[in-house]
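Q: Starting off with a structure, shown below.
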């Protein structure tokens with residue numbers, strides 16, 4: 001009897017030891033087991049739809065629909081693209097397409113304009129950064145994905161699209177009819193001396209040609225004795241990561257961190273450092289940003305700010321600091337997946353936070369007045385009668401008007417230049 005009890009105790013100990021030694025293995029497999037159980041649910045649902053749905057449902061339609069829902073549930077930037085949508089995305093990256101000229105995202109579950117691109121139909125009709133698109137052609141946008149919204153807004157040049165936006169600053173809905181056009185995405189919009197010694201470059205999007213165009217603009221301004229630079233990144237929605245790194249590289253000493261990316265797996269972690277020999281370090285600079293400055297723009301502004309290379313002026317940037325990787329699939333479709341996030345040289349997260357300027361300057365609408373305006377019309381007429389023909393033939397000097405944020409940047413640079421000279 002005692003021998004039997006002893007054997008039972010030994011067996012119990014062996015079983016207990018076996019169970020303890022396999023707890024780790026069980027923990028490792030539990031997540032996989034849950035996945036397989038969930039896949040069984042998916043398989044059951046597909047089977048029920050195919051057998052009982054009122055109409056014959058194609059397998060590919062069911063799988064595509066499931067993939068779209070799965071990717072869109074992750075975040076606003078992860079998406080499944082069917083072959084047509086993927087093809088459209090590649091057309092957009094070529095730099096020319098038919099549309100209205102806006103960059104959009106989903107923010108607070110609403111389709112939101114990041115920025116209207118300069119001199120495009122959307123910009124010209126008065127759409128603004130931060131406007132919420134609530135209807136496209138009368139259809140509520142609540143359940144639309146980004147890709148679906150883009151497809152509705154794009155179309156043949158010359159055709160029109162009706163858009164309703166919520167402008168929170170005015171607390172009202174606004175209707176716009178916008179005529180589509182060929183959207184040519186230029187990188188450098190303006191490169192000029194706006195005042196003695198003060199250079200101004202308007203960079204509207206980061207593309208493959210950005211580095212070359214920026215270098216040309218900088219050399220041209222430097223040849224005109226530029227003593228300070230304003231780099232305008234307002235309403236710049238971003239673009240290529242490489243282009244933003246090269247842009248920041250031009251203004252930083254060698255070996256400085258520009259941006260880092262961090263993901264869930266090690267292969268998604270990168271650190272980008274300055275290394276170019278074409279440096280522009282001799283003069284102070286100001287970078288202008290606003291709520292329409294996103295992604296690559298925020299990388300440049302964050303790097304310049306963290307390394308104290310320049311002063312950031314304007315209003316807080318958009319806060320789009322995540323990296324999307326596009327993975328083509330076998331049937332011509334593709335998955336666009338958020339794989340990592342951007343961090344500034346000092347480790348600040350850009351995503352959802354944005355870049356806060358060193359000097360906050362709210363934008364004010366510029367009131368352009370006539371160059372000469374007389375209150376007394378009789379005096380004005382009298383002056384005209386006294387003018388001889390020669391004076392009348394003299395061309396009036398062209399005067400450009402700059403908004404209050406640019407003028408603030410000019411004042412700051414003047415102060416720095418004066419201090420350096422002293």
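Any read-out appearing in this document is the output of simple, stated calculations on the displayed coordinates, not a laboratory observation. Bear in mind that the values here come from a model prediction, so they are computed numbers and not experimental data. Cβ atoms come from the backbone with ideal geometry, glycine included; neighbour counts cover every protein chain shown.
Q: Sort the following peptides by mean Cβ neighbour count (other Cβ atoms within 10 Å, averaged over residues), highest first: 101-110, 43-52.
A: Per-residue mean Cβ counts within 10 Å order the peptides as 101-110, 43-52.
Q: Between residue 36 and residue 139, 0.36 nm times their residue separation minus their Cα-Cα distance comes to what?
A: The span from residue 36 to residue 139 would gain 33.2 nm if fully extended.
Q: Based only on other Cβ atoms within 10 Å, what is the fewest-to-most ordering of 340, 196?
A: Sorted ascending by nearby Cβ count, the order is 196, 340.
Q: Can you give the relative contact order of the range 238-370 as a percent, counting alpha carbon pairs under 8 Å and 6+ residues apart?
A: About 25 percent, as a whole number.
Q: Right, another one. Sorted by average packing, counted as other Cβ atoms within 10 angstrom per residue and highest first, what order do 166-177, 346-357, 274-285 take?
A: Going from most to least packed, we get 346-357, 274-285, 166-177.
Q: When only Cα pairs under 8 Å and 6 or more residues apart are kept, what is the percent relative contact order across the range 79-184?
A: This gives 30 percent for the range 79-184.
Q: At a Förster distance of 22 Å, what's the computed FRET efficiency of residue 268 paired with residue 89, Cβ-Cβ distance as r, to 0.05?
A: Calculated value: 0.55.
Q: Residue 177 label point, 7 Å along Cα→Cβ, cut-off 12 Å on backbone N: hits in the range 95-131?
A: none
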